[in-house]
Every structure is written in structure tokens, then in C-alpha cells.
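Reviewing the structure listed below.
The values are calculated or read from the model by the stated rules, or taken from the named source; none is laboratory data. The shown structure was predicted, so the numbers you read here are calculated from the model rather than taken from an experiment. All Cβ positions, even for glycine, are placed from backbone atoms using ideal geometry, and neighbour counts span all protein chains on display.
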Amino acid sequence: MTATAPGRAGPGVRKASAPPASGGRTGTVRRSLFRALPVSPAVVLLLLFLAGPIVYCVVIAFTDLQLTGQAQESFVGFDNFTRAFKDEAFLNAVWLTLVFTVLSSLIGQNTLGLALASLMQRASKPVRTLTGGIVVTAWVLPEVVAGFLLYAFFRREGTLNAVLDWLHLPTQNWLFTLPILAVSFANVWRGTAFSMLVYSAALNEIPKEVTEAAEVDGASGWRRMWHITLPMIRRSIGTNLMLNTLQTLSVFGLIWVMTRGGPSGKSQTLPLFMYEQAFQNSLIGYGTAVALLLLLIGSLFSVVYLRLLRTEV
Amino acid sequence: MTDTLTPRPSTRTVRRTTPASRRNRRRAAADAGLLVAAAAFVLPLAWVVLSALDPHASLRVKVPDGVTLDNFDAVLTPEITFTPLLNSLILCGGATLLTVVCAALAAYPLSRFRSRLNRPFLLTILFATSLPITAIMVPVYALFVRVNMIDTMQGTIFFFAASQLPFAIWLMKNFMDGVPKELEEAAWTDGASSFQSLLRIVLPLMGPGVAVVTVFSFVMMWGNFFVPFMLLLSPDQMPASVSINDFFGNRGMVAYGQLAAFSIVYSTPVVLLYVLISRRLGGGFALGGAVKG
């Protein structure tokens, strides 16, 4: 049969065992099409509801489309973008997004997840199960519920201040004075489990002999971590950082429930800014331009992530 | 050295040899560290459980003034709980079904047949898994208004399915790769079509994989707030993820006990589903591995 046509034949190709098909070259083409048929529902769905909106996003980012009372939007070129970079609220949102991402994803979730995973390697089973269960529960809860729980936690009359009071430490109205810190902690609370699971899997794959050999050689805990463990799980670290960052960039519900982006924009990250421009200010075109920027940043991370996985596809 | 000879941590004997006591000390330190973290993580969770049972719930964790189910009684009405939950079920159930069927169909040729389109297709899929869906919601809203699909369940279901599909295809393909081809080849020589062998041989053999994709898609959608928040408008269509905000918005005084009770009712299904599949797959959840490739 023609299963060995150039380009199609790779190592491991099954030759004679494919389902029976009518022979000949036209047969091959028809067979390829027939084989690809099951992919089509997925492709149609993806084109209509994912690729479509992305293309539409690119188009209306260059228009002055508004929510109401406008007969026809018109093409405005890069106006939305130049406007954004002069808009202090936008620059504020960019800065807060950066703070939020670095604090909660790069530092918080990633480090805490690694710390928990490596402690779990050594801890006793009941403690490991208990902690794992609690941390994962925080992750599985719906976003809005997590938002409410942490809203209650950080409120002036909430649990955090009660604990601080009990420890005789100064209390604060966290959601008012340091909202970005509060929402960052909320994101750490909610997202650490993912890093913990990824790192637990990675650490389990390190052969026992390696760490034991280092121990025999007298390497201290920190040195072992730095010189042996971290280099061995570096691929997991890369993957985890990428996915955490992408997830953090698109957090909306958590912040919306806790602070609505306020007070006066002090916790307004880019998704919330985008929403406000598009719906509170009715500037769909401007909001979409911001969305496009967010999408570009996301795609950039996505490409890096693909490079990390390159060998595996 | 002797380290490798001493029994594994399960031992109960505390021998006074140096490595063993060092190991015990280290384990105690690790336990202590984990317990501190657990205590910090559990506080917000404790609030929701205690407040739901408390007749006078406030915003802080405290021992309830008495245990009551009044809060549950108050929220378990058609208007507050059952309609939103039913909406969630229709929305997430429909979209999950669509996702899983499309993903299984798409994964089959990708896993079984070689084609020069496989690699670019998979790369595109993988690229799409990591796009921030939040970012395209404004244009999706504008598009849905234009094509008259705004505020419709089916429109939201289609979008949900499309947004979850890349990851579902990727997971499904990886699970499917784990089913040996030889089993199907026997069926092929007996004249079974590839659709038959997918349905009768491959999918039954990758039952746990299909379960993971299904549960994962469902859990992601069940908790998603932004998509229905943007694409649905009429209150009677709202799923629980959006309607929960009414406790703050419209009812003036916030009844924290009721909010907590509703949160528990709304969260329980996904927590249970998660426990179900994580048990089946042995704790670690295949997701960690699946995400790595």
C-alpha cells in the first residue's frame, strides 16, 4: 500500500495493519481525508468560537466601537494604543499586573509550592495527607467562593485582624490600605496547590541514590537543594512558572469579588481595567485594544512554553 | 551509608543510631513546617464551615454561638439555590459533553495515524491551551451581540466547550497514546472501522483518562465566573458562579451565614468530583504529569 509515501513514513509507522481501504493514489488522498474527518467537529468549534473572536479582537482593537448609541464604528488606526500609553490608569494597571504576577505567581505560588513539595518528601504520612488535602481544597474551590473566603479573611473585622490582635500585632484594613497585597495573597492561597502537585511529581522522579550520595558526601540541605535538586527539576520549574504566570495574568473573578479593582484603582489589574473601559465606560474598541495587548503578552509566554516542551511534541 | 540500610520511615523503632535520629529530627521539622502552612491555609476554609452553622455569623473565624442548619434552610429555595445550580448543571454538563465528544474524536486520528499535519495541529492546540481566555471576553461579547447569541445558553455552551477544547484534546491524546495499538490491529484485520475500534476498544481501555478529561473540564467550567458573567444577561439563566454575587449586590445587608451555606452547597459537587478522580489515580492526579507532556 502507499502508506510509505514520502513524508508520511516515519519510524514506527504501521504498514499493512491500517483499516482496509481502496488502493491507489486517489484512494490515499481520500483515506487521509476520511481519517481526518473525526477532527472536524473540534476544528469547527475552535474556528468559530476561539479563532473567530481572536480575529475579531484584532479588527475592533483598531476601531472606536462603543457599547451604545453609535451607528457605525470607524477605523481609527493606532489611536486606541497611543491613547492607552498616555492613560495613567492604564499604566497603573500595567504596573499592578506586574506586581500581582511577580508577587503571587513567581514568588508566592512557585516558591511556596516547591517548599511544600520538598517538605512533603520528608514528612510523615498523616501530616502530608492532611496538608495536601487542605491546600488542594483551596485550589479546587470555585473562583468566586475563594474570593468570598478571602474577602472575609482580609476584611477589617475579618480573621486576619483577629489573629494579629491575638498576637498583639498592629491591625489594618487590608482591603483598603494594601489591596494589591491582599489579592496577591489570595492568589497564592488559591494557586499554590498546582505548583505543589507539579513539584511533588518532579521530586518523586529524582532517583533516591542521587540525593543519598550527596548526603554521604556531606552536602548540607541547602547545598543539596541548590546543586542537585533544582538543576534536576529545572524543566518542571520552567513549565510551572509559565503556566502559573499565564493563569495569574488572566485572574478576574478573584479580584472582582474581593475589591472590584478598587479602592480608586489600587488593585485594578489589566483584566479589570479592560472590563471597566469596555462596560462601565462603554468603550469596547479601547477595551479590546487593551485585551489585544494582554493577548499578545499571553502569546509570548505561550511561545516560550512551547519551546520548553519542544522535544515532547 | 548506614542511611541506606536503616528501614524506611514506616518503622516504629526509635534506635539511637545517629542517622535514624537525624532522620526523625528532620521528619519532625518537616511535619512542623507543613502544619504551620496547613494552619494558614485552613483558616479561610474554617470560616466558611463554621459560619454556615452559626446563627450569628460574622466575618471572622469563631466558635459558633450554637449549631444550626437555619442558614441552609434559608438558602435551599428554588430561587436562591436550585435554579442557579440547575443552570450551572445544564451549562457545564452540556459544554463538558460537547468537549469530551469532540476531544475524543479529534484525539483518535492524532494518536493513531501519522500525518504531516499532526505536529502543526498539536502545536497550535498547545499554544491555544495557554492563551488567556479572559482577554478575549470583550471581543467575544461584542461578537455575540452582533450575531445575536448574547444571553443564550447554547451560545455560552459553545464558547465554554471551545475554550476548554484545546486542553481536553491535548490530555485525551496523551491518554490515548497509552493504549497499545496492537489491540486495535486485531480488530482492524477483523474488518472493524476505526470508529468502531475507537468506541469499542480504545475508549473503554482509557476509561480513567476519559474520566479525568470529563471531570477536569466540568470542574473548570463549574467554577468559571467570567464567561457566564459576560455572555448571559437575564437573571433566570445565571449559573451559581454568578448568582452568588447577589448576596452582596441586591439584598442590602449581607447575611454571611447564608453566603457561607450557599458557598458550601455550590462547592461540594466539584470537591467530591475531584476526590473521586484523585482517588482513582492515586493521589498525585495525572494532571501534573499531563501538563508536563
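One table, with the values for the structure above:
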| quantity | calculated |
| --- | --- |
| Candidates A:241, A:197, filtered to the one that is under 26 Å from residue A:137 (Cα atoms), in a helix (DSSP H, G or I) and more than 11 Å from chain B (Cβ to nearest Cβ) | A:241 |
| Failed item in (1) of a type in the set (S, T, N, Q); (2) assigned to a helix (DSSP H, G or I); (3) closer than 30 Å to residue B:254 by Cβ, with residue A:268 passing the rest | (2) |
| Which numbered condition residue B:138 fails, given (1) out of contact with any Gly (no Cβ under 8 Å at 6 or more places or on another chain); (2) among the β-branched types (Val, Ile, Thr); (3) at the interface with chain A (Cβ under 7 Å from one of its Cβ atoms) | (1) |
| Candidates B:262, B:229, B:218, filtered to the one that is over 29 Å from residue A:130 (Cβ atoms) and part of a helix (DSSP H, G or I) | B:229 |
| Index of the failed condition, residue A:295 passing every other in (1) crowded, with 22+ Cβ neighbours inside 10 Å; (2) of a type outside the set (Phe, Trp, Tyr); (3) not in a helix (DSSP H, G or I) | (3) |
| Residue list for segment A:262-284, filter: of a type in the set (Gly, Ala, Ser) and within 11 Å of chain B (Cβ to nearest Cβ) | A:278 |
| Qualifying positions in segment B:167-218 - farther than 25 Å from residue A:31 by Cβ, crowded, with 18+ Cβ neighbours inside 10 Å and among the small types (Gly, Ala, Ser) | B:168, B:209, B:217 |
| Residue match in segment B:56-67 (condition: in the same structural domain as residue B:248 (by TED's automatic domain parsing) and of a type in the set (Ser, Thr, Tyr)) | no |
| Residues (in contact with a helix residue (DSSP H, G or I) (Cβ under 7 Å, 6 or more places away or on another chain), more than 8 Å from chain B (Cβ to nearest Cβ) and at pLDDT below 85) located in segment A:286-313 | A:304, A:308 |
| Criterion: of a type outside the set (Asp, Glu) and under 30 Å from residue A:237 (Cβ atoms) - qualifying residue of A:32, A:104, A:74, A:40 | A:104 |
| Selection from segment A:25-60 of residues that are out of contact with any helix residue (DSSP H, G or I) (no Cβ under 7 Å at 6 or more places or on another chain) and among the aromatic types (Phe, Trp, Tyr) | A:34 |
| Members of segment B:114-146 that are farther than 22 Å from residue A:308 by Cβ and surrounded by fewer than 19 Cβ atoms within 10 Å (Cβ to Cβ) | B:114, B:115, B:116, B:117, B:145, B:146 |
| Search result, residues across segment B:113-135 that are within 7 Å of chain A (Cβ to nearest Cβ), touching a helix residue (DSSP H, G or I) at 6+ places or on another chain (Cβ under 9 Å) and assigned to a helix (DSSP H, G or I) | B:122, B:123, B:126, B:127, B:128, B:133, B:134, B:135 |
| Residues satisfying the stated conditions in segment A:98-118, i.e. at pLDDT 90 or above and within 11 Å of chain B (Cβ to nearest Cβ) | A:112, A:113, A:115, A:116, A:117 |
| Residue match in segment A:144-156 (condition: more than 9 Å from every other protein chain (Cβ to nearest Cβ) and either touching a residue at least 60 places away in the same chain (Cβ under 8 Å) or under 24 Å from residue A:183 (Cα atoms) (or both)) | yes |
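Let's see how each residue does on (1) closer than 19 Å to residue A:261 by Cβ; (2) among the hydrophobic types (A, V, I, L, M, F, W, C):
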{"position": "A:88", "(1), (2)": "yes, no"}
{"position": "A:100", "(1), (2)": "yes, yes"}
{"position": "A:123", "(1), (2)": "no, yes"}
{"position": "A:139", "(1), (2)": "no, yes"}
{"position": "A:148", "(1), (2)": "yes, yes"}
